[in-house]
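A.B. asks: One structure, as structure tokens, below. Some questions next.
The values are calculated or read from the model by the stated rules, or taken from the named source; none is laboratory data. Quick caveat, the model's predicted, so the values are computed rather than measured. Here the Cβ positions follow ideal geometry from the backbone for every residue, glycine too, while neighbour counts run over all protein chains shown.
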Ligand code: ATP
Ligand code: MG
């Protein structure tokens, strides 16, 4: 079938009241970005629908990209025909011919926004239905309640559009409509899923990754970048901020009692994320903590850690079980990367028995032996930022490094 456009439905966007226009504009920009490799494609974001004019582009490829754009409820490949019944009937017949190879039930569903068109919705359903039944007596039977196939006809000012498939989009809200967030991205399973869920609600994420050479390997860093690459397809590109953490971890390990190692390390991470956020105009910090999953993810621990920031710390996977998180990780294709066995900076310095109920008071007390400002400043001085795009390869680039290690 030579489809002429993909018709995109907004879903939750349509409830946005006065903000609706800016949401739609943003979705239009994001869709254009996602489809930038198709030169001939034109995107028109209108009040009720967004139209992707294919102009000959491969609709399967275009739809594959559209599936990653948040803010889209459903979409349908459509064919535009002239505003006359014969043209509609011809296109509908072609659809049936191509899509139906055994007897099925069907119905026609017409919408008419051009009220000057002489055939109204009832008449179109009736006439086109009759035409198809006449043409395909052995293949088609009408069922208006639970049809196997629904052929949608939209009579608009600029033409008549036919479609028969409705494909589920990514849902959520357009990335960027919620503002900027700083995602604390480890190499684990949980934080990429948390990043995905935050982005799904419209957050434009920047990844903050702490690494501790020589305790953590170049592969661990490459893995975090590769995870970022996996997530970049949902928004075009993502800033990856790598933050050196070695001096802090060594100092904390030397000066802080073992039970508080984890708490104080996390407080340092959060201070750094906060400093970066102030500089880069973010609104909230995101992490991949899930309540009760490990010792450091209790409410007492969250309280002790959040003591060092005034920004909201948001935890999109807070109430998910591990199995639920893994399911999403598999769906978004981050799981296989996340389980690669490269140690990240926390694993290396994890004490055997961290306090599950640390107190804010003690955390503050143990930090008195540390030059907090100096440690933070030196770490910030070593920050490196890269912009990561879909399709970039970081893990295999490190083949030389691998070879050296073997
Ligand atoms: P994940 O699977 O996301 O690593 P986890 O269950 O292993 O989570 P922790 O290692 O306790 O849990 O980390 C909790 C959260 O702290 C992570 O989800 C992440 O947001 C943040 N975090 C941990 N290590 C790092 C790191 N090296 N860089 C940035 N953030 C980190
Ligand atoms: Mg982890």
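A.B. asks: What pairs come up if the first residue lies in region 183-194 and is in the same structural domain as residue 234 (by the TED database), the second is at pLDDT 95 or above and within 8 Å of ligand 2 (Cβ to nearest atom), and their beta carbons are under 6 Å apart, counting only those six or more places apart or on different chains?
C.D. replies: Partner pairs satisfying both residue conditions: 185/191; 190/288; 191/288; 194/288.
A.B. asks: Could I ask something else about it? Condition first: more than 20 Å from residue 393 (Cβ to Cβ), outside any loop (DSSP other than H, G, I, E, B) and within 13 Å of ligand 1 (Cβ to nearest atom). Now tell me which residues in region 201-230 satisfy that.
C.D. replies: Answer for region 201-230, where residues must be more than 20 Å from residue 393 (Cβ to Cβ), outside any loop (DSSP other than H, G, I, E, B) and within 13 Å of ligand 1 (Cβ to nearest atom): 205, 206, 208, 210.
A.B. asks: Kindly indicate whether any position in region 299-310 is surrounded by fewer than 21 Cβ atoms within 10 Å (Cβ to Cβ), at pLDDT 95 or above, closer than 27 Å to residue 386 by Cα and out of contact with any helix residue (DSSP H, G or I) (no Cβ under 9 Å at 6 or more places or on another chain).
C.D. replies: no
A.B. asks: Also, quick follow-up: Regarding region 258-266, can at least one residue be identified that is buried (at least 19 other Cβ atoms within 10 Å of the Cβ), away from ligand 1 (no atom under 13 Å from the Cβ), under 19 Å from the mean Cα position of the chain (by Cα) and part of a helix (DSSP H, G or I)?
C.D. replies: Looking for residues that are buried (at least 19 other Cβ atoms within 10 Å of the Cβ), away from ligand 1 (no atom under 13 Å from the Cβ), under 19 Å from the mean Cα position of the chain (by Cα) and part of a helix (DSSP H, G or I), one finds none in region 258-266, hence no.
A.B. asks: Name the single residue that is nearest to residue 322 (Cα to Cα) among those in region 170-200 being part of a loop (DSSP other than H, G, I, E, B) and either under 9 Å from the mean Cα position of the chain (by Cα) or near ligand 1 (Cβ under 7 Å from one of its atoms) (or both).
C.D. replies: 189
A.B. asks: Can you work out which of the residues in region 231-251 that are part of a helix (DSSP H, G or I) and within 14 Å of ligand 1 (Cβ to nearest atom) is nearest to residue 397 (Cα to Cα)?
C.D. replies: This residue is 231.
A.B. asks: Have a look at 308, 317 and point out the one that is within 15 Å of ligand 2 (Cβ to nearest atom) and not in a helix (DSSP H, G or I).
C.D. replies: Just one listed residue meets the conditions, 317.
A.B. asks: Among the residues of region 63-78, what is the count of those that are closer than 20 Å to residue 172 by Cβ and surrounded by 17 or more Cβ atoms within 10 Å (Cβ to Cβ)?
C.D. replies: 11
A.B. asks: Also: Which residue, of 267, 271, 280, is within 13 Å of residue 358 (Cα to Cα) and at pLDDT 95 or above?
C.D. replies: Going through 267, 271, 280 in turn, the sole match is 267.
A.B. asks: Could you please let me know if residue 309 is within 12 Å of ligand 1 (Cβ to nearest atom) and over 19 Å from residue 225 (Cβ atoms)?
C.D. replies: No, not satisfied.
A.B. asks: Using the structure shown, decide if residue 354 is under 27 Å from residue 214 (Cα atoms), surrounded by fewer than 17 Cβ atoms within 10 Å (Cβ to Cβ) and either modelled with pLDDT under 95 or within 16 Å of ligand 2 (Cβ to nearest atom) (or both).
C.D. replies: no
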